[in-house]
Amino acid sequence: MTDVKPVLRLEDIVKTFPGVRALDGVSFSVFPGEVHALMGENGAGKSTLMKVLGGIYQPDGGAIFMEDQQVVMAGPLEAKAKGVMFIHQELSLAAELSVAENIYLGELPRKSFGRVDWAKLTEQTDAILKKLNVSFDAKTRVGDLSIANQQMVEIARALTVDAKAVIFDEPTASLTDAEKVVLFDVIADLKRDGVGIIYISHRMEEIFKITDRISVLRDGQYQGTVNTADSTEESITQMMIGRKLDLSRNASHHELGDVALEVRGLSCGKLYQDINFEVRRGEVVGFYGLVGAGRTEIAETLFGLREPSAGQILLEGEEVRIHSPADAISRGISLVPEDRKGQGLVLGMNCRDNMTLPQVDDLKAGPFVAEGAEVAIFDQYRDRLDIRTPGWRAQAGNLSGGNQQKIVIGKWLSMHPNLLIVDEPTRGIDVGSKSEIHKLLRELAAQGYAVMVISSEMPEVLHVSDRIIAMYSGRVMRTFTSEEVTEDSLIKAISGLSDDKAA
Amino acid sequence: MKSGAVSKALANGAIWGFIILQLIFFSIAGEYLSLSDKAFMDWENMLLLLKQSAPIGIIAMGMTLVMVNGNIDLSVGATFAIAAIVMLDSMTWPIFASLGDGVIPIAWLLALTVGTLLGALNGLIVWKTGVDAFIVTLGSMLGYRGIVFMFNGENPTSHLNWTLVDFAEAEFLGLATASWFLLIVTFAIWFLMTKTVHGRNAYAIGDNREAAVNAGIRVGPHMMINFAIIGFLAALSAVVFYSESGSVNPNDGQLYELWVITAVVLGGTKITGGAGNVIGTFGGVIAIQLLRKGLGHIGADTSTVNLVIGLILIAVLFLDRQLNVKGKEELKV
């Protein structure tokens, strides 16, 4: 390949955010006709790297070359103009418009008087759809398509321009096996046309099936590039996790209490099926899996935000039906949601009012809010959780992520819950506060709380959990105790692979 | 049935079903309650209804475009009044005195230009400041109305030009001038929204603004053009109406924005943008006018009309929402 110029070459890309070195010297090349896998754990820097490539972030150091010419990606349009196309995991389509209009969004063919050239549009679209072998046509309304077919529309978009490099970000997350076959055919076609492809996925079997080389990121650092043919799942996993990971395991040394929550055969349509588990007082149960594996949806069901389609929820041995968050709260279930700023806090409100929000009705003095009682609660939990704020009058939106999270946790603790569910406890929180939150979760277990932790970060799950439930596309794959779990078996379980040793 | 099919049917066709229902109801009820012995569904009466729909209807077509685009314009009533004043007053200006009836096209042009500029100003502010269109046009609604009162205080501005009145009262192929304007505007905006790139981009922007931006659509200019169009149409509505009446009160056009928005929403346009069409809006305009006329026909007073329309609006939106919930898997709110 000496005389072939790489379509895309990254050299020593550095990107820092306040307090975090998100990318630290990432270099690799993608050649024409190559499928190049980019792997790494959640938070390893893959998305940041893609945003740098797409012109959404500007790198703080390093350079991007296309066919040996240095380029600057000033914005999404520029990246597109240079032939770098993205197929995003999160769809960005206009649901009310037709397939054809979505594919050519921003570039509708014109006739005189600014009219849309519908004939040409339909013809061009049908040609692309034919290549993709899909069951819908150019005139179908995108909102009427399944998620998988919407994904195909996104892919069709990348085929409209003369792409030099196409980046697939977890493209199979919502595809069925049959649809995957079609996708892989499309990738094979692109490959034959000499397009360079970056393929991001957690699914090992796909990586080994379709990619030529694999580059691995860990904590923003480039770990190297290997030929797929020379690698094994073990060797890649090892590159992804590294060996310096020695966060201590935290099996409980205290006696576990009664079963606080038991779930039997719980299902919710297509989101998750036949879920069984229990959480005892005094233990932390970790839920690990890829985004979309159904973890958050289980939490939302327990908190009364979703109606289960089958199964039972038992609190302290008694079957309950939870129809609303108010129901859940009155039964002692608390949810610290994933999206802290959007769902957990009222950012414009002060710290005290945020903390007492769910119980302000119980804190009344006659018809009025008992502000004194509110301040007392705030002071108590500020001290207990070590929340650093200038005072209760500070706006929640002005606190750091770690302190915001503590306010949300304090809000529920002050209600003395029977079950505390924490979804992504440390997302977007700096390293120091992270370990404080971890310590706090362990302490809560030691004090006899039943805690469910949902996390996409393996070190975190390993660190805080007594037991780990591994989920893959809506099902529980395996439950590990903290003694038996290994990084390797955990990664396999959440990638949908069976673990021979465990079977 | 496919999900969304019912709500789509509602959005596309229900307004016409509603109109037919009204026609039947008022025809039968009119037999017993009406003071006159004239039938409600009289051809003359229906033609008059179309003519009376024109002032609201012409603006509603522009509002459909603006709302599909994901914005709203509350200032149309005030723009309507300003345009009326500009037209009537400019015909009396001494510099045009020598022109005779030649002043008419100039007065029209001035009024339409002012309306377009006021609309474009709204759009420019929304574009450049990023402030929500609701707030911007709430401000300009008050501001433009202020200008109306500054011009002539509480007094009406009047000027009757008989050539103009003849033009406004003329009929062509059985339809009044105002009716023709309504039909032509409806067709023009229908063409713009369904056939042109600008129109389709307006849908895309209202539907998923981020996707539109990522696709390289320049959102700001598109929005400004649409605001300019609705400003132009508010002015057009005014010049058509006041060519006949010849006198404008400073309070004229107040609450027009609400009638217009009601018609557009009844016609199936999504208040959050991205979906809607002028044919539905046309139905919404007719339905409201029919309700006003019909309730008048059976002897109800204006306050009853407002109450009934308000209730129907809420009922329609409630029904639409119920039909759009995607089943039990949906996250509850």
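Some notes on this structure:
- Computed E for B:Leu99/B:Val131 - FRET, C-beta separation, R0 45 angstrom, nearest 0.05: 0.60
- Table column - 3J(HN,Hα) (Hz), region A:123-137, Karplus curve with 6.51, -1.76, 1.60, x for Gly and Pro: 4, 4, 5, 4, 4, 5, 5, 4, 4, 7, 6, 9, 8, 10, 10
- Antiparallel bridge percentage (DSSP; both residues within the protein assembly as shown; nearest 5): 60 percent
- Taking every residue in B:206-218 and counting other chain Cβ atoms within 10 Å of its Cβ, the average works out to 6.
- For region B:282-297, putting each phi into the Karplus relation 6.51 cos²θ - 1.76 cosθ + 1.60 with θ = phi - 60° gives couplings of 4, x, x, 4, 4, 4, 5, 5, 5, 5, 4, 5, x, 5, x, 4 Hz, in residue order, rounded to whole numbers and with x for Gly and Pro.
- Efficiency of FRET between A:Gln447 and A:Phe17 - r from beta-carbon atoms, R0 41 angstrom, step 0.05: 0.75
- Projecting the Cα positions of B:Ala60, B:Thr302, B:Leu50 onto the charge dipole of chain B (unit charges on Cβ atoms of Lys, Arg, Asp and Glu, taken about the Cα centre) puts B:Ala60 furthest along the positive direction.
- All-pairs alpha carbon distance profile, region A:342-439, 10 Å steps from 0, percent: 16, 50, 29, 5, 0
- Spin-label pair B:Thr302-B:Trp16: with each label point 7 Å from Cα along the Cα-Cβ axis, the two points sit 3.4 nm from one another.
- In this simple spin-label approximation, B:Leu109 and A:Glu371 carry label points 7 Å from Cα along the Cα→Cβ vector, and these lie 6.5 nm apart.
- Taking 14 Å as the cut-off, the amide N atoms of region A:436-474 that come nearer than this to a point 7 Å along the Cα-to-beta-carbon line of A:Ile147 belong to A:472-474.
- Net length available on complete extension from B:Met46 to B:Ile314 is 93.8 nm, with 0.36 nm assigned per residue and the Cα-Cα distance removed.
- Shape category assigned to region A:8-241 from the gyration tensor of Cα positions, a/c cut at 1.5: prolate
- Sparse packing (at most 12 other Cβ atoms within 10 Å of the Cβ) combined with a DSSP loop state is found for the following trypsin sites (Lys or Arg not before Pro) in region B:20-128: B:Lys38.
- Under 5 Å between amide hydrogens, built in the peptide plane, is the criterion, and for A:Gln395 it picks out nothing among residues at least 5 positions away or on other chains.
- Chain B: C-alpha pair distances exceeding 35 Å, %: 24 percent
- Relative contact order, percent, chain A [alpha-carbon distance under 8 Å, six or more residues apart]: 15 percent
- Top of B:Ser158, B:Ser179, B:Ser237 by mean-square fluctuation, Gaussian network on chain B, Cα under 10 Å: B:Ser158
- The value of relative contact order for region B:5-323, using C-alpha pairs under 8 Å at least six residues apart, is 36 percent.
- Considering only Cα atoms, the convex hull volume of chain A works out to 181 Å³ per residue.
- Neighbourhood charge, 11 Å Cβ-Cβ cut-off, centred on A:Tyr449 and excluding it, Lys, Arg +1 and Asp, Glu -1: +1
- Pairwise centroid distance, computed over Cα atoms, of region A:37-115 with region A:310-383, Å: 42 Å
- Residue-by-residue Karplus 3J(HN,Hα) for region A:414-421, coefficients 6.51, -1.76, 1.60, Hz, glycine and proline x: 5, 9, 6, x, 7, 9, 10, 9
- Paramagnetic reach from B:Lys195 (point 7 Å along Cα→Cβ, amide N under 12 Å) across region A:117-137: A:117-118
- Between A:Thr479 and B:Leu175, the simple label model (points 7 Å from Cα in the Cβ direction) yields a spacing of 7.2 nm.
- Remark: mean inter-chain Cβ contacts per residue of B:294-300 equal 0, using a 10 Å Cβ-Cβ cutoff to other protein chain atoms.
All of the numbers you see were taken from the coordinates with simple rules; none came from a lab. Keep in mind that this is a model prediction, so the values were computed, not measured. Using ideal geometry, Cβ is built from the backbone for each residue, glycine included, and neighbour counts are taken over all protein chains shown.
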